[in-house]
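Just below is one structure, and these are the notes that go with it.
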Amino acid sequence: MAQREPNAVAHMLGLLGDEWTLLVLQQALMGATRYGDFQTRLPISHSVLSSRLRSLAENELLKRRVYQTNPPRSEYLTTARSRSLWPMLVSIWSWECLWVPEHPDPLPLMHHAVCDETFAPVVACGSCSEPVSEKDVVAQWGPSGSWPRSIPAAVTRRRSATSQAGLFPQTMTVLGNRWAFAILVAAFVGVSRFTDFQTQLNAPPGSIADRLGIFVANGVLVGTDNRYRLTEKGRALFPVLISALQWAQRWFPAPEGPAVELTHTACGGRFSAVMTCDKCTRPLRGADISAA
Ligand SMILES: [Zn+2]
Ligand SMILES: [Zn+2]
């Protein structure tokens with residue numbers, strides 16, 4: 001039975017691999033609470049907004065609270081589960097600042113209250129505190145890990161046009177679809193052939209081909225000799241993926257153990273990501289970070 005149950009990776013891809021969900025969450029974390037707040041801030045239809053608010057509440061990423069009964073009105077508040085996504089959002093922010101120069105309005109820099117400097121986040125190892133890159137971390141399937149358990153069940157989401165909205169347009173293109181997100185995870189663990197993406201992810205070939213094309217167009221993957229490899233820009237998404245994975249393993253643990261086990265090769269210890277400030281090197285906390 002446990003062989004079939006979705007693991008933390010499946011929850012991560014299913015919940016976060018959706019552009020509108022990410023946009024709604026981003027706005028909620030920046031202070032939107034009422035239906036009208038989301039509508040004003042996002043070019044989103046009634047049906048899409050209602051469905052995303054419902055699924056976010058079902059998955060305890062937002063808490064619905066009735067603030068008025070006549071007529072009935074609700075607001076949507078962040079939860080510990082959604083607030084703990086800050087390392088992923090900070091990583092996305094940093095990646096867009098560095099790698100997506102075509103922003104129509106430049107992104108604000110991030111400010112660290114502890115050292116009073118504008119900063120960029122640096123991923124460090126929780127065991128030895130040294131900074132790490134994707135080259136220093138080895139990922140292996142854990143007791144609840146395997147591709148079949150890591151792919152979310154088909155979702156019956158209302159299809160809608162890609163919006164290009166929000167502060168992080170390219171991240172939404174890169175992550176905002178469950179196949180795209182899954183391809184990216186597979187690329188990080190070394191999958192490179194078209195047929196291997198298709199068989200490992202058990203995905204429709206058309207979806208794989210579409211997404212690989214978008215990744216190549218965005219400079220995240222480069223395709224040569226029938227293989228697709230991460231570019232420097234693609235590898236720079238490591239902090240985004242690692243913080244999404246860590247979030248999922250925290251909130252969706254499997255009784256038999258983690259889906260993915262990570263080792264820091266330099267110290268040999270179990271790898272858990274700690275976000276630190278590049279200016280003062282102290283560990284970051286969500287509450288200390290704001291737009292500069
Ligand atoms: Zn280490
Ligand atoms: Zn600092």
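Descriptive notes on the structure:
- The set of residues from segment 1-52 being of a type in the set (S, T, N, Q) and in a helix (DSSP H, G or I) comprises Thr21, Gln26, Gln27, Gln39, Thr40, Ser47, Ser50, Ser51.
- Within segment 275-292, residues that are within 21 Å of Val240 (Cβ to Cβ) have Cβ atoms under 6 Å from residues that are assigned to a helix (DSSP H, G or I) and more than 11 Å from ligand 2 (Cβ to nearest atom) in these pairs: Met275/Pro87; Gly286/Trp86, counting only partners at least 6 apart in sequence or on another chain.
- Some residue of segment 20-28 being closer than 19 Å to Ala292 by Cα and either within 16 Å of ligand 2 (Cβ to nearest atom) or open to solvent by less than 30 Å² (accessible area, probe 1.4 Å) (or both): yes
- Scanning segment 117-175 for residues that are away from ligand 2 (no atom under 16 Å from the Cβ), of a type in the set (A, V, I, L, M) and either in a loop (DSSP other than H, G, I, E, B) or at pLDDT below 90 (or both) yields Val132, Ile151, Ala153, Ala154, Val155, Ala161, Ala165, Leu167, Met172, Val174, Leu175.
- Residue within segment 80-90 that is touching a strand residue (DSSP E or B) at 6+ places or on another chain (Cβ under 6 Å), within 16 Å of ligand 2 (Cβ to nearest atom) and assigned to a helix (DSSP H, G or I) present: yes
- Some residue of segment 237-259 being without any contact (Cβ under 8 Å) to a residue 12 or more places away in the chain and more than 24 Å from Trp93 (Cβ to Cβ): no
- Any chance Ala139 is within 16 Å of ligand 1 (Cβ to nearest atom) and in contact (Cβ under 8 Å) with a residue 40 or more places away in the chain: yes
- When segment 53-101 is filtered for residues that are over 20 Å from the mean Cα position of the chain (by Cα) and open to solvent by less than 40 Å² (accessible area, probe 1.4 Å), the ones remaining, listed by number, are Ser74, Glu75, Tyr76.
- In segment 104-116, residue nearest to ligand 2 (Cβ to nearest atom) [restricted to those that are surrounded by fewer than 17 Cβ atoms within 10 Å (Cβ to Cβ) and modelled with pLDDT under 95]: His111
- Among residues of segment 253-279, those that are part of a loop (DSSP other than H, G, I, E, B) and either within 16 Å of ligand 1 (Cβ to nearest atom) or open to solvent by less than 30 Å² (accessible area, probe 1.4 Å) (or both), counted: 10
- Sub-7 Å Cβ pairs linking a first residue in segment 113-133 that is within 16 Å of ligand 1 (Cβ to nearest atom) to a second residue that is basic (Lys, Arg) and open to solvent by 50 Å² or more (accessible area, probe 1.4 Å), at least 6 apart or interchain, are Ser127/Arg270, ordered by first then second residue.
- Number of the condition not met by Asp37 [criteria: (1) surrounded by fewer than 17 Cβ atoms within 10 Å (Cβ to Cβ); (2) modelled with pLDDT under 90]: (2)
- Condition check for Pro239: closer than 23 Å to Trp20 by Cα, open to solvent by 20 Å² or more (accessible area, probe 1.4 Å) and within 16 Å of ligand 1 (Cβ to nearest atom): yes
- Looking only at segment 176-191, and only at residues there that are assigned to a loop (DSSP other than H, G, I, E, B) and of a type in the set (Gly, Ala, Ser), the one that is most open to solvent (accessible area, probe 1.4 Å): Gly190
- Residues in segment 278-292 that are aliphatic (A, V, I, L, M) and at pLDDT 95 or above: Leu284 only.
- Total residues in segment 142-154, condition more than 19 Å from Arg178 (Cβ to Cβ) and open to solvent by 20 Å² or more (accessible area, probe 1.4 Å): 1
The values are calculated or read from the model by the stated rules, or taken from the named source; none is laboratory data. Because the structure is predicted, anything quoted here is derived from the model rather than measured. Backbone-built Cβ (ideal geometry, glycine too); neighbour counts: all protein chains shown. Side chains included, ligands, DNA and RNA excluded: accessible areas come from the protein's heavy atoms. Shrake-Rupley method; radii C 1.70, N 1.55, O 1.52, S 1.80 Å.
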